[in-house]
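Take a look at the structure below.
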Amino acid sequence: MGWNSWNHFAEKVTDADVRAAADALVATGMRDAGYVYVNVDDTWEGERDAQGNIHSNNKFPDMKALADYVHSKGLKFGIYSSPGPKTCAGYEGSYGHEQQDADTYAAWGVDFLKYDLCGLRDVMDRDAKHDWKKASAIMRDAYVKMHEALVKTARPIVYSICQYGSDSVWEWGTAAGGNLWRTTDDISDSFRSMALIGFAQAGLEKYAGPGHWNDPDMLEIGNGGMSADEYRTQMSLWAILAAPLLAGNDLSRMDETTKSILMNKEIIAVDQDGLGEQGFRLGPLQTWVRPLSGGAKALAIFNFVTDDEPQPVTVRLKDLGFTGPVHARDLWSHTDLGMLEDSFTATPPKGGVVMVRLWQ
Ligand code: GLA
């Protein structure tokens, strides 16, 4: 859990924005709710010196000082690079400098690396044109190479693989040393983008577990392109998916609704549940279940129909694996619903969700 600069600031991000995000994580209570990584995405990179050492550009005068500042707030510091010669935004990548860059990150105090394919595609094209097997091997080797370089630094650095879910990364991401891997293309701040990505995660649940997670991309909550109900859908679905929760909004300007969504502790508890099992879709409707520790379950019923009147949806407890009555608690209204005997019925609002915790 944490924050990443890309979704809101994109290429404009500066040292001051990152410090402001760190300050806001503390001031708003987000840090204490679990959001601890402060991740600088693309466009911090400057040039290499005569020895090949990477330097930050003039938007980031001193990366070590920035990392120290972030650490002084009780937070962790993340950075971004590409296995290719260039990043997606055209800045310097790590190609041919993997160990040197890993050592530099460790010396700066980096705790998280997002490693984004982009420029390596030119290398794959150059060295393996029309040979998908060979191209794929080049890609996998590049991810393993940086993993090994990070391990050699002896600093624990979370390794975030970003290649947009190509070549079924969930099948080899763990072996390549990934702690998380993007399963899809980039998200944008619209219901269509978020829902297409989120609901398409069905079936990937068997690949996730403690230390190695599917990553359906960052949160758009608070960026303004969706309704509050739609943002509640993203928060709920990402929690069911045991997904990384990386806020992507301007934390220094959050309204109360945004805060209440990002800091819903009961939903965060589902996301971070210690069993570490990713939830799954139950049947053809957008009804999702996540097994939680102690035999409890999170149940989310989504309404992703955009025109019709909201309809009630009923889920039978026996289809969730329960026999006998269960306790139910609504995780958005924060109310106990008492005991359920046979089933649970909810009518989620348009674009929205009803999410409950069920236990015996
Ligand atoms: C790719 C990634 C995004 C972001 C940009 C930065 O598109 O998928 O998440 O990191 O690059 O250039």
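Brief remarks follow.
- Helix 15-28 and the longest principal axis of the C-alpha atoms of the chain enclose an angle of approximately 30°.
- Coupling constants for the range 37-47 follow from the phi torsions by the Karplus curve (6.51 cos²θ - 1.76 cosθ + 1.60, θ = phi - 60°), and in residue order they are 8, 10, 10, 7, 8, 4, 5, 8, 6, x, 9 Hz; glycine and proline get x.
- Helix-only arithmetic for the chain: the sum of -39500 (n - 2.57) across DSSP H runs with n ≥ 4, divided by the residue total, places the mean residue ellipticity at 222 nm at -9000 deg cm²/dmol.
- Built amide H within the under 5 Å cut-off of K76, gap 5+: Y37, V38
- Seen against the Cα atoms of the chain and their longest principal axis, helix 98-108 is set at about 70 degrees.
- Exceedance of the 26 Å cut-off in Cα-Cα distance is limited, within the set K259/K318; K59/K265; K64/K152; K86/K134; K114/K206, to K259/K318; K59/K265.
- Whole-Å semi-axes of the range 130-205's equivalent ellipsoid (Cα gyration tensor): 25, 17, 11
- Remark on the chain: ratio of C-alpha radius of gyration to 2.2 N^0.38 Å is 1.02.
- Geometric descriptor of the range 150-292, per residue, is 124 Å³ (volume of the convex hull of the Cα atoms).
- Options L113, Q99, Q51, ranked by Cα towards positive dipole end of the range 49-139, top entry (Cβ charges): L113
- Residue exposure proxy: F280, F304, F77, ordered by other Cβ atoms within 10 angstrom of their Cβ from fewest to most, comes out as F280, F304, F77.
- Size descriptors for the range 226-351: radius of gyration and Dmax over Cα atoms are 14.8, 47 Å.
- Using the Stokes-Einstein relation with a Kirkwood hydrodynamic radius computed over Cα pairs, the translational diffusion coefficient of the range 9-55 at 20 °C and a viscosity of 1.002 mPa s comes to 172 µm²/s.
- Here the dipole of the range 84-166 is about 220 debye; that uses its Cα centre as origin and unit charges on the Cβ of Lys and Arg (positive) and Asp and Glu (negative).
- Each label was represented as a point 7 Å from its Cα along the Cα-to-Cβ direction; for Q360 and A175 these points are 3.9 nm apart.
- Rel. contact order, % - alpha carbon contacts under 8 angstrom, at least six apart, the chain: 12 percent
- For L282, net neighbour charge (Lys/Arg +1, Asp/Glu -1) across residues whose Cβ lies under 15 Å away: +2
- With both labels modelled 7 Å from their Cα along Cα-to-Cβ, the K152 to A65 distance reads 3.1 nm.
- For the range 1-103, size of Cβ-based charge dipole, Lys and Arg +1, Asp and Glu -1, in debye: 300 debye
- Measuring max minus min along each principal axis, the C-alpha atoms of the range 282-360 give extents of 38, 26, 21 Å (largest first).
- Cα-based helix-to-principal-axis angle, 63-72 vs the chain, degrees rounded to 10: 40 degrees
- Averaging the Cα positions of each part gives two centres, and for the range 27-102 and the range 160-203 these lie 22 Å apart.
- Sequence-distant residues sharing a close amide H with L282 (under 5 Å, placed H): T287, W288, V289
- Dipole magnitude of the chain about its Cα centre (Cβ charges: Lys, Arg +1; Asp, Glu -1), debye to nearest 20: 640 debye
- Local electrostatic count at L66 - Lys and Arg +1, Asp and Glu -1, tallied over other residues with Cβ under 10 Å: -1
- Taking the number of Cβ atoms within 10 Å of each Cβ as an exposure proxy, the fewest-first ranking of W213, W108 is W108, W213.
- The H on the amide N of E45, modeled in the peptide plane, is under 5 Å from the matching H of N57, each at least 5 residues off or on a different chain.
- Between the range 226-254 and the range 297-355, the alpha-carbon center distance in angstrom: 20 Å
- Sequentially through the range 117-129, phi angles give Karplus couplings (6.51, -1.76, 1.60; θ = phi - 60°) of 3, 4, x, 5, 4, 5, 5, 4, 5, 5, 9, 8, 4 Hz, Gly and Pro residues having no value and appearing as x.
- Derived scalar couplings ³J(HN,Hα) [the range 170-179; Karplus, 6.51 cos²θ - 1.76 cosθ + 1.60; whole Hz; x for Gly, Pro]: 4, 7, 10, x, 5, 5, 7, x, x, 8
- Bridges between two residues of the chain, per DSSP, are antiparallel at a rate of about 60%.
Here, each number is a calculation from the coordinates, and none is a lab measurement. None of the values given here were measured: they were computed from a predicted structure. As a convention, Cβ positions derive from the backbone with ideal geometry for all residues, glycine included, and neighbour counts pool all protein chains shown.
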